[in-house]
Amino acid sequence: MDASTHQTSNTQTENAGPAISVDGVSFSYAGSSMTGEPVLERVTLDVRRGERLGILGPNGGGKSTLLKILLGVLKPTEGRVRIFGVSPDEARRGRMIGYLPQRVTAELRFPLRVMDTVLQPLAVRQPAWKRIGGTALARASACLEMVGARRLAEKQIGSLSGGQMQRVLIARAIAAGPRVLLLDEPTVGIDVEGQRRFGEMLDTVRTEEGITVVVVSHELATIAATSDRVACLRRTLHFHDTPRGLTPDVLREVFRHDLAVLEGHTHDCAHEHGHADGGCGCGPDSGLGVDGGPA
Amino acid sequence: MKTFDYLFEPVNAGLFWPGVAAALIVALLCAPLSLYVVLKKMAFIGQGVSHAAFGGVGLALYVAALAGTGGWSGWHQLAVLVFAAAAGLGISVLSKRQGTDTAIGIVLAVCMAVGFELYRLAAGVAARTPGVAGPPGIEDVLFGSVLNVTTGGAVATGVAAMLVLGSLWFVRRPLTSWAFDEATAGSLGIRGERMRALLLLMLSVAVVATMQIAGVVLATAMLIIPGVIGLSWGRTIRGAVVWSVVSAVLGVVVGLLVTFELGVQPGPSVVLVMVGLMLIGSGIRRATGARSA
């Protein structure tokens, strides 16, 4: 599919099929299949070209597992995934996927300037004997501009704040022009206003790049700020529509509004995100505007 | 000065130069590699590989003694390299089941034990068989020696260094991207497993080359300390490479001076000089808050 196809009308785009199709996907980890509890069970969903899909669900609900399946890191035990018509492995090899992991996994002691970091996806495509050209530099600058981090270009990567780092890593993820951007819990530890700004930045990237975005989060505010459509996941798909359809009943069903589960849930948060008090603004009790979709 | 006598007196003609040349080549080889070893936290794996290589040394010596030749040659070096690379890959495979710490602990101990027994057997065969040269002294194997490096050994070290540094230059971009962020390397079309295996192979070659000078026990220091210095002082990869090379070469030159003057093993003196450079650099940085290049 060439670049011009990106700019076809909506109808034509619909006809060309979804960006991502997940068809009847089930997954069990080697240990969990013994207990008969799959992490994902017959999940079917489509992500339209150029849309922002938010995958919402409690910790342990299978969101990250689904993301790893989209990345091709895990293989579904049943069902099929297609990314622009090809398997996740082929999509990854074809550099069609940009990815930002949940935590900053980058080695920040690296003596790299921000610009060098954003250039990496472009540099690895160059033969070893060729210098990095002006086109690559211009593209890296444009990506930094898009995420509002142009002024950081000459800074050391290790000297950035958490928010700056995230923007730079998104610029890096989109530098080589992937067609899908997968973000795993991108706003953990960011306040509601920060999440709104993050959503705006993501919208700019989506609009300018024509890229399809999938955001995985257990925080309702993140999903509301970053998504056109929402998929609620707790082992099976509970909801798949615009955020306006997210009623308290749906959320109760997904997050299981009972004390025992919530205790387990907050315990998971403390374990996964290092929240000493266990609270990380997730679940229906968070007061993050259950009915409030993006404006 | 004893150094001058050793290197320039006609009576010693050529005796020490191969060792000095090999030591300088090893400094140039280890310095850029050490940046990646430190960043990818492979220092302990390097330690495992170098100790495991002692098993290869024992095996090569024993086979040579049985074959009736004894002594040490370039073929032994190659055998040790194959053994070390196999041990490195063995550690990688075992790591997936047992965890890296345990895997290194097991491989290191087994290879050291086997290596020592084979070394002892080789020495026994050489003592009983007339015309078979005995193995090098155990101190030389463990802590290095300038005298045991032959001209052939120095040339082999040079060829190995050129191969490793050439490969490093060729893969520098994907290797740096992978080392910077392993989790996202796949999405850039980089095969992480291949990068790790390649780095491990380059590390094994560097360890075996360094063992001649610094010995089994201290070889990995050459693959760690210049990297730490380079990463403290460099602002770019290029700057870090320059700082690591400067510190490694300075460490070898001053370390060999100490070796010649005091008549001690080169391994400990090179390592202690490099640690001294690291501490001085760290003191200067603390005092001035400097970071350059």
What Kirkwood Rh does the stretch B:143-288 have if only Cα atoms enter the pairwise 1/r average? Answer in Å. 16.6 Å
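How much length, in nm to one decimal, is gained on full extension between B:Arg172 and B:Ala133, taken as 0.36 nm per residue of separation minus their Cα-Cα distance?
Stretched fully, the B:Arg172-B:Ala133 segment lengthens by 9.7 nm.
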Rounded to 0.05, the calculated FRET efficiency for the beta carbons of B:Leu15 and B:Glu117 at R₀ = 35 Å is 0.65
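How big is D for the stretch A:86-191, in µm² s⁻¹ as a whole number, if Stokes-Einstein is applied with the Kirkwood radius of its Cα pairs at 25 °C and 0.890 mPa s? Show your work: numbers first, answer last.
Details: Rh = 14.4 Å.
Reported coefficient: 171 µm²/s.
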Sequence-distant or interchain residues sharing an amide H contact under 5 Å with A:Ile55, placed H: which? A:Val215, A:Val216, A:Ser217, A:Ala231
How do B:Met112, B:Met42, A:Met96 line up, fewest other C-beta atoms within 10 Å first? B:Met112, A:Met96, B:Met42
In nm, spacing of pseudo-spin labels at A:Ser141 and B:Leu78 (7 Å Cα→C-beta vector): 5.3 nm
Between A:Ala30 and B:Arg191, how high is the FRET efficiency from 1/(1 + (r/R0)^6) when r is the Cβ-Cβ distance and R₀ = 25 Å? Nearest 0.05. 0.60
Which ordering of B:Asp5, A:Asp203 is given by a fewest-first count of other beta-carbon atoms within 10 Å? B:Asp5, A:Asp203
Could you work out, for the protein assembly as shown, what percent of all Cα-Cα pairs fall into each 20 Å distance bin, beginning at 0 Å and stopping at the bin that holds the largest distance? 18, 42, 28, 11, 1
Residue by residue through the stretch B:57-64, the couplings from Karplus 6.51 cos²θ - 1.76 cosθ + 1.60 with θ = phi - 60°, in Hz, x for Gly and Pro, are 4, x, 4, 4, 5, 5, 4, 5
Short version: ³J(HN,Hα) in whole Hz for each residue of the stretch A:40-53, in order, from phi by Karplus 6.51 cos²θ - 1.76 cosθ + 1.60 (θ = phi - 60°), x for Gly and Pro, what are they? 10, 9, 6, 8, 10, 7, 10, 10, 6, 5, x, 9, 10, 9
Length-normalised contact order of the stretch A:105-173 in % [C-alpha pairs under 8 Å, at least 6 apart]: 48 percent
Over chain B, what relative contact order in percent results from Cα pairs under 8 Å that are six or more residues apart? 29 percent
Please list, ordered by chain and number, the residues whose modelled amide H lies under 5 Å from the amide H of A:Ser26; skip anything fewer than 5 residues away on the same chain. A:Arg42, A:Val43, A:Thr77, A:Glu78, A:Gly79
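Which pairs break 27 Å Cα to Cα here: A:Lys68/A:Lys155; A:Lys63/B:Lys96; A:Lys155/B:Lys41?
A:Lys68/A:Lys155
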What's the FRET efficiency of A:Asp191 with A:Ile132 using the Cβ-Cβ distance as r and R₀ = 45 Å, to the nearest 0.05? 0.75
Translational D in µm²/s for the stretch B:95-225 (Stokes-Einstein at 4 °C, 1.567 mPa s, Kirkwood Rh from C-alpha pairs): 74 µm²/s
In nm, to one decimal, how far is the modelled label at A:Thr242 from the one at B:Ile106, with both set 7 Å along Cα→Cβ? 5.8 nm
State, to one decimal in nm, how far the label point of A:Glu37 lies from the label point of B:Leu66, with both points 7 Å from Cα in the Cβ direction. 5.6 nm
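Here, each number is a calculation from the coordinates, and none is a lab measurement. Just so it is clear, the model here is predicted, and its values are computed rather than measured. With ideal geometry, Cβ positions are generated from the backbone for all residues, glycine too; neighbour counts draw on all protein chains shown.
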